[in-house]
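Read the structure below first, then the notes.
Where a number appears in this text, it was derived from the coordinates with a stated rule and is not lab data. The structure presented is a predicted model; accordingly, all values stated were derived computationally and were not measured.
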Amino acid sequence: MHTLTIVAFAALSWLGTGSLVLADDALKSEMGPMNDEIKAGKDAMKPQDSAMESEIRTKRGGKKGPIMQYREKMKAQRHEMMDKMKAHKDATMADPPAPATTPAPAP
């Protein structure tokens, strides 16, 4: 009786696995043409998208948004400050200050 139960369980498991494999194959065969259609649609839209992007670029021309203008302004100020600091450092290194003299003790 025990072996009959094990054999029945194994047979049902094997049939279940086989049906899952068949269902997976059927699903893949249905999804294949659908995926091809989606890919074809995307490929058809690429020229239109690139045309829209180029149109937007030509409309904007060389204009930069306010954020980019602000960033460039801050970058220029930062570089100017760094150049000033470097010049000051180079000047200090070229002409070191005289050592400070300590007063002599009173006799």
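Using helices alone, I'd like the mean residue ellipticity at 222 nm for the chain: each DSSP H run of four-plus residues gives -39500 (n - 2.57), total over residue count, nearest 500. Could the numbers behind the result be given before it?
Details: 2 runs with 88 residues, N = 107.
The helix contribution divided over the chain gives -30500 deg cm²/dmol.
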Inset, instruction - Quick one: P(r) of the chain from all Cα-Cα pairs, 10 Å bins, percents rounded to integers, in order of increasing distance. - result: 10, 11, 11, 11, 11, 10, 10, 9, 7, 5, 3, 1, 0
Legend entry - Segment K73-A23, extension gain: residue separation times 0.36 nm, minus the distance between their alpha carbons: 11.7 nm
Inset, instruction - Return one number: the angle in degrees, 0 to 90 and rounded to the nearest 10, between the long axis of the Cα atoms of helix 66-94 and the longest principal axis of the Cα atoms of the chain. - result: 40
Legend entry - Cα-based shape type of region 7-54, given that a ≥ b ≥ c are square roots of the gyration tensor eigenvalues and the cut on a/c is 1.5: prolate
